[in-house]
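Read-outs throughout are calculated quantities, based only on the coordinates presented, and are distinct from any laboratory measurement. Remember, predicted model here, so these are calculated numbers, not experimental data. Quick reminder, even Gly has a Cβ in these numbers, built from the backbone with ideal geometry, and neighbours come from all protein chains shown.
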Amino acid sequence: MVLDEIHHAGDDRTWGSSVLTAFGGARRRLSLSGTPFRSDTSAIPFVDYHLDEARPDFEYGYGDALHDGRVVRPVYFPAVGGHMEWLAPDGTHTAASFDDALDAARSNQRLRTALSLEGQWLQTVLADAHSQLLGLRRQHPDAGGLVIAMDQEHAAGIASLIKRRFGVTPTVAVSDDPSASARIARFATSQEPWIVAVRMVSEGVDIPRLRIGVFATNTTTELFFRQAVGRLVRWTPGVRRQKAFLFIPDDPRLRRWATGIAEQRRHALRAREGEDEFAAPSADLDDRDAAEHAGDDAEQMSLFAVISAVAADVTVAGPSVFSSDHPDEWDDDGDEPDDDHELRVEVVVPPPAAGRGAESDGRTRRQIKADLRDKNAELVRELVRFTPLDHRQVNAELNRLAGIRKVTEATVDDLERRLVRGERWLRSL
């Protein structure tokens, strides 16, 4: 008995009970799944669990496939920050960036604000993604992009925005459209640049030419995120340099899932170089409860109002997407490029002040402090990626190491010392 995508059956759900009844007596069972966990944490039939963690008899994951070469593409995750302002349903005015620690409800409101068509954040991200796609199409002419929208109205708005800004009419695929499957099939074999979908181009849909994705949905479960990534990893024979990019909001939950996948990518490279084998990260269940969807219900939508959403810096879960080569960017013949770029983070500390109120390069002390604060903020983001600590904890530790109470009260010397101590900490990880 072969059971494909067995994770759809949960032990305490109707499908799970039926599968157990129908096939419990089979002498041999082969259960397959590309995402062997469930967002509702129900046990999957016939799977062996140890301390609530599934234990497969055989595992071949994304890292394994990268290591073998010519199976999947390396995927990179440009994570776009920003500053959002909104009125919550309770009338509270809130302003926050993705670096600010918020409760579950406010986090969902922040994400929805960023993804709103009323702000600038989504428009900026779509422009960056379109520019990246145009660059890829110079060497891969039929490369395509996928935007995953929140709902049908959101999808229609995104499609209109793409047509207005970039002069191309994207394919739109939504579940209520009976022709959606046919639209997806036509897009898969065409050279059209963009498709906008709501839960349609997901598990089981095979469009190998997809190289760019924009995660513009407020669904934040690891299962859905991994299925979205799966749309971009299909290897295309005959195409060189097959990196794929999934542009994501720099939301802590999405950043966590992206970092886990990026770690598998990096470990695959190290294994190719003779280092230790990698293991796929276990699926954490903490973020898969109702809190993830606290903002997905009605939430008194008439009382929710977006004020502004402005995109900020782009960071990447893994090596920079902007360097010319990466060791996991293999040619079609499976060979690695000659260049071998290790992951490194470099923090440049400005020289000491050369006089009151001004630097030797012409910058004022205020400009130097602003630049140092930006570099400190970037360092915090890097440390959050590579430690189990959140932004608040990393900031507190850096302040302790530098002997300061608050960054806003720090002098230029304090900020330089904080960078040096933080860089030393980062190198030790």
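Work through the residues other than Asp177 whose Cβ is under 14 Å from its Cβ and net out their charges, Lys, Arg +1 and Asp, Glu -1.
0
Between Ser97 and Met84, the built amide H atoms are under 5 Å apart, and every one of these is 5 or more places off in sequence or on another chain. Projecting the Cα atoms of Phe386, Asn376, Ser428 onto the dipole axis of region 365-428, where Lys and Arg carry +1 and Asp and Glu carry -1 at the beta carbon, places Asn376 farthest toward the positive end. Taken one residue at a time, the phi angles of region 208-224 give Karplus couplings (6.51, -1.76, 1.60, θ = phi - 60°) of x, 7, 5, 10, 10, x, 10, 7, 10, 10, 9, 7, 10, 6, 5, 4, 5 Hz. Gly and Pro are set to x. Ranked by the mean number of other Cβ atoms within 10 Å of their residues, highest first, the peptides 227-239, 252-264 fall in the order 252-264, 227-239.
The charge dipole of region 365-428, taken about the Cα centre with unit charges on the Cβ atoms of Lys, Arg (+1) and Asp, Glu (-1), comes to about 100 debye, rounded to the nearest 20.
Going from the fewest other Cβ atoms within 10 Å to the most, the residues Thr21, Thr220, Thr315 appear in the order Thr21, Thr315, Thr220. Taking 20 °C and 1.002 mPa s as conditions, region 365-428 diffuses translationally at an estimated 186 µm²/s according to Stokes-Einstein applied to its Kirkwood radius (Cα pairs). Relative contact order of region 66-122, taken over Cα pairs closer than 8 Å and 6 or more residues apart, is 26 percent. The order of the peptides 411-421, 67-77, 94-104, 174-184 by mean Cβ neighbours within 10 Å, most packed first, is 67-77, 411-421, 94-104, 174-184. Note: relative contact order over region 55-192, using C-alpha pairs below 8 Å and six or more positions apart, is 12 percent. Sorted on the mean count of surrounding Cβ atoms within 10 Å across their residues, most packed first, peptides 22-29, 211-218, 3-10 read 211-218, 3-10, 22-29.
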